[in-house]
1. Taking just the alpha carbons, could you work out the radius of gyration and Dmax for segment 197-241, both in angstroms?
2. Carbon and sulfur: what percent of the chain's accessible surface (1.4 Å probe)?
3. Show me the helices of the chain, taken as full DSSP H stretches, that run 27 Å or more along their long axis by Cα and average 1.0 or above in Kyte-Doolittle hydropathy.
4. Work out, step by step, the length gained on full extension between LEU129 and HIS217: first 0.36 nm times the residue separation, then minus their alpha carbon distance; give nm to one decimal.
5. Restricting to the chain, what percent of DSSP beta bridges are antiparallel, rounded to 5?
6. Would you kindly work out the equivalent ellipsoid of segment 102-241 from its C-alpha gyration tensor and give its semi-axes, the square roots of five times the eigenvalues, largest first in whole Å?
7. Nearest 0.05, what FRET efficiency do GLN176 and ASP88 give at R0 = 51 Å with Cβ-Cβ as r?
8. List the residues whose amide H sits under 5 Å from the amide H of LEU129, counting only those 5 or more places along or on another chain, with H placed 1.01 Å from N in the peptide plane.
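The values are calculated or read from the model by the stated rules, or taken from the named source; none is laboratory data. All values reported here derive from a predicted model rather than from experimental measurement. Virtual Cβ from ideal backbone geometry, glycine too; neighbours counted across all protein chains shown. Note: areas computed on protein heavy atoms with side chains; ligands, DNA, RNA excluded. Shrake-Rupley method; radii C 1.70, N 1.55, O 1.52, S 1.80 Å.
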Amino acid sequence: MRAPLCWVLWDVKDTLLKVRASVGEQYCKEAKRVGLNLNPVEVEAAFLKAYRHHSSRSPNYGISQGLDGRSWWIRVVRDTFSQCRVQDPALLNAMAHNLYYSFCDAENWEVFPDSKKTLESCSSLGLELGVVSNFDNRLKEILRVCGLLSHFSFLITSEKAGIAKPSPAIFEQALQKCGVPAANVAHIGDHYLNDYLASRSVGLHGFLLDRDNKHKHPDLPAEHRLSSLEELPSQLQQHIN
């Protein structure tokens, strides 16, 4: 007898919401507040270089090296502006501090039009909802200011968990909170490896959100790929009854 679905786990960034403006634009806006006129394209390129460097040297916010999300991000922001010829240590620290906290503001995030309706539809099916995200501990506040937090019974961030997707261990932590076997749980996210393959590797019903039709994997069944979150409830309902 097939196990009925009773939980849905969610990725957040680029699944339920996205950054409203580019990083380069947001960083330049902060720089302008302190009297600096920088090029968004140059800042974006510098950010990507800094982000890749620190992600490689200190993965998952450097938790295993004694760092935390805040100190990790401050290093990334400082390095970004340093590449753009900003050298004043006090200025670098001030901008990094301000940007870290400004990303908790609702104005910096855009909730996808299908997010709230789909969350409500899942709840109306009797499903419990949780979050499993490779994000730092600001996520709870971001979900709150974006009006999404109340939909979820629990949140697991990779910073808090000390482990990031695609590791099976972060999904095992989520399953402990769900209190049911993997066969009773689905996961939805936009990343082929971190969300789809990783969740299925531990026995969850993994679904890949592909809003831009960019995933062309031969091993991805059509019924596991969603072009919109609006397609999800009907897929889940097949696993409930």
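1. Cα only, segment 197-241: 10.9, 32 Å (Rg, Dmax).
2. Numbers: 5900 of 11530 Å².
Of the solvent-accessible surface of the chain, carbon and sulfur hold 51 percent.
3. Values: long enough: none.
Both cut-offs are met by no helix.
4. Details: separation 88, 0.36 × 88 = 31.68 nm, distance 2.76 nm.
Gain on stretching LEU129 to HIS217: 28.9 nm.
5. Working: 3 of 22 bridges.
Expressed as a percentage, antiparallel bridges in the chain total about 15.
6. 22, 18, 17
7. Working: r = 47 Å, r/R0 = 0.92.
FRET efficiency, GLN176 to ASP88: 0.60.
8. Here the answer is VAL8, SER153, since their amide H atoms fall under 5 Å of that of LEU129.
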